[in-house]
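**Student:** One structure coming up, written as structure tokens, with questions to follow.
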Amino acid sequence: MSEEDKLSEKVAEAVEVAANEAAKREIDELTEFEGAVDEMLASGYLDDTLRVIDADGVAQVLPVLDSEPIAHLIEGVEAVGGRANVFVHTGQGIVALSVLEYKPDDGE
């Protein structure tokens, strides 16, 4: 293995370690935010912001980070039935969104 190949391998390993650490930090941040949202829900603090109710009368809640790709938000909304009260953790605070997924075949 040439010196250049060894250097490239070390760089690739360092990039992988950095990516794994960043992913862990994001998971930890999301977990902490989910816990904070759960506490606010339990206290009733968010009751006035829960505008989206599903067919069963449940206000589905989806906490997300502003650093997550939009695809994660869409997947999360789809996972809870296409409608959700989304709480986005930003650097400036929390943003509440009411999301109704558009489905052209629903006739809505």
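The values are calculated or read from the model by the stated rules, or taken from the named source; none is laboratory data. This is a predicted model, so every value here is computed, not measured. Using ideal geometry, Cβ is built from the backbone for each residue, glycine included, and neighbour counts are taken over all protein chains shown.
**Student:** Which condition breaks for A12 when tested against (1) surrounded by 15 or more Cβ atoms within 10 Å (Cβ to Cβ); (2) free of Cβ contacts under 8 Å to residues at least 12 places away in the same chain?
**Tutor:** The single condition A12 does not satisfy is (1).
**Student:** Still on this structure: Under 17 Å from V88 (Cβ atoms) and either surrounded by 10 or more Cβ atoms within 10 Å (Cβ to Cβ) or out of contact with any helix residue (DSSP H, G or I) (no Cβ under 6 Å at 6 or more places or on another chain) (or both), is that true of A59?
**Tutor:** Criteria met by A59.
**Student:** Quick one: in segment 85-108, of everything that is surrounded by 12 or more Cβ atoms within 10 Å (Cβ to Cβ) and either of a type in the set (A, V, I, L, M) or farther than 20 Å from T49 by Cβ (or both), which residue is modelled with the lowest pLDDT? Step through it out loud before you land on a result.
**Tutor:** Initial filter on segment 85-108 (surrounded by 12 or more Cβ atoms within 10 Å (Cβ to Cβ)): 85-89, 94-101.
Now restrict to residues that are either of a type in the set (A, V, I, L, M) or farther than 20 Å from T49 by Cβ (or both): 86, 88, 94-97, 99-100.
On the way: V86: 96, V88: 96, I94: 93, V95: 94, A96: 94, L97: 94, V99: 91, L100: 86.
My answer is L100.
**Student:** Quick one: in segment 16-27, which of the residues that are under 19 Å from T90 (Cβ atoms) and over 12 Å from the mean Cα position of the chain (by Cα) is modelled with the lowest pLDDT?
**Tutor:** Quick first cut of segment 16-27, residues under 19 Å from T90 (Cβ atoms) only: 22, 25-27.
The next check asks that each one be over 12 Å from the mean Cα position of the chain (by Cα); those that pass are 22, 25.
Values: A22: 85, R25: 90.
This residue is A22.
**Student:** Next up: When residues of segment 20-39 are filtered for being touching a strand residue (DSSP E or B) at 6+ places or on another chain (Cβ under 7 Å), among the charged types (D, E, K, R) and free of Cβ contacts under 8 Å to residues at least 60 places away in the same chain, how many remain?
**Tutor:** The number of residues fulfilling the criteria is 2.
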